[in-house]
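Notes follow once the structure below has been shown.
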Amino acid sequence: MSQETDCSTETSCAACDSAGTCDSATQELHMQSQLLQRVSLIKHRIVVMSGKGGVGKTTVAVNLAKRPRH
(Lines give C-alpha, C1' and ligand atoms only; values in the text may rest on other atoms or scores of the structure.)
Protein backbone atom coordinates (compact mmCIF):
# COMPACT_ATOMS: atom_id res chain seq x y z
CA MET A 1 0.00 0.00 0.00
CA SER A 2 1.21 3.56 -0.48
CA GLN A 3 2.30 5.98 2.22
CA GLU A 4 -1.09 7.74 2.04
CA THR A 5 -2.69 5.01 4.17
CA ASP A 6 -4.61 5.88 7.31
CA CYS A 7 -1.92 4.64 9.67
CA SER A 8 -2.27 5.49 13.32
CA THR A 9 0.85 6.51 15.21
CA GLU A 10 -0.72 5.17 18.43
CA THR A 11 -0.63 1.54 17.33
CA SER A 12 2.15 -0.71 16.18
CA CYS A 13 2.15 -2.26 12.71
CA ALA A 14 1.32 -5.64 14.26
CA ALA A 15 -1.88 -4.23 15.78
CA CYS A 16 -2.90 -2.29 12.66
CA ASP A 17 -5.90 -3.46 10.63
CA SER A 18 -4.03 -2.91 7.35
CA ALA A 19 -0.64 -4.30 8.44
CA GLY A 20 -0.71 -7.08 5.89
CA THR A 21 -1.17 -4.66 3.02
CA CYS A 22 1.78 -2.34 3.77
CA ASP A 23 5.16 -2.99 2.21
CA SER A 24 8.28 -3.24 4.37
CA ALA A 25 9.44 0.31 3.49
CA THR A 26 6.13 1.79 4.68
CA GLN A 27 6.28 -0.26 7.88
CA GLU A 28 9.86 0.93 8.49
CA LEU A 29 8.81 4.58 8.05
CA HIS A 30 5.94 4.01 10.48
CA MET A 31 8.25 2.48 13.10
CA GLN A 32 10.72 5.37 12.72
CA SER A 33 7.88 7.86 13.12
CA GLN A 34 6.69 6.13 16.30
CA LEU A 35 10.23 6.06 17.70
CA LEU A 36 10.78 9.77 17.03
CA GLN A 37 7.45 10.57 18.67
CA ARG A 38 8.37 8.62 21.82
CA VAL A 39 11.92 10.00 22.02
CA SER A 40 10.60 13.56 21.74
CA LEU A 41 8.78 13.03 25.06
CA ILE A 42 12.06 12.45 26.94
CA LYS A 43 12.90 15.56 28.95
CA HIS A 44 16.20 14.56 30.54
CA ARG A 45 18.92 12.12 29.54
CA ILE A 46 21.49 10.75 31.94
CA VAL A 47 24.51 8.79 30.73
CA VAL A 48 25.76 6.03 33.03
CA MET A 49 29.22 4.90 31.95
CA SER A 50 32.48 3.49 33.17
CA GLY A 51 35.60 2.10 31.54
CA LYS A 52 35.44 -0.96 33.75
CA GLY A 53 33.04 -3.89 33.87
CA GLY A 54 31.15 -5.07 36.91
CA VAL A 55 30.70 -1.69 38.59
CA GLY A 56 26.87 -1.59 38.52
CA LYS A 57 26.15 0.50 35.42
CA THR A 58 23.07 -1.50 34.51
CA THR A 59 21.80 -1.49 38.10
CA VAL A 60 22.12 2.29 38.31
CA ALA A 61 20.48 2.81 34.91
CA VAL A 62 17.53 0.54 35.75
CA ASN A 63 17.00 2.16 39.15
CA LEU A 64 17.07 5.63 37.60
CA ALA A 65 14.56 4.56 34.96
CA LYS A 66 12.19 3.17 37.61
CA ARG A 67 12.17 6.33 39.72
CA PRO A 68 8.68 7.72 40.29
CA ARG A 69 7.81 10.81 38.26
CA HIS A 70 6.96 14.00 40.10
Open item on the list: Please verify whether ALA25 is assigned to a helix (DSSP H, G or I) and modelled with pLDDT under 85, treating the condition exactly as stated.
Closed with: no
Open item on the list: Condition first: among the charged types (D, E, K, R) and either within 30 Å of CYS16 (Cβ to Cβ) or open to solvent by 90 Å² or more (accessible area, probe 1.4 Å) (or both). Now tell me which residues in segment 31-70 satisfy that.
Closed with: ARG38, LYS43, ARG45, LYS52, LYS66, ARG67, ARG69
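The values are calculated or read from the model by the stated rules, or taken from the named source; none is laboratory data. Quantities reported herein were computed from a predicted structural model and do not represent experimental measurements. With ideal geometry, Cβ positions are generated from the backbone for all residues, glycine too; neighbour counts draw on all protein chains shown. The accessibility values were calculated without ligands, DNA or RNA, using every heavy atom of the protein model including side chains. Shrake-Rupley method; radii C 1.70, N 1.55, O 1.52, S 1.80 Å.
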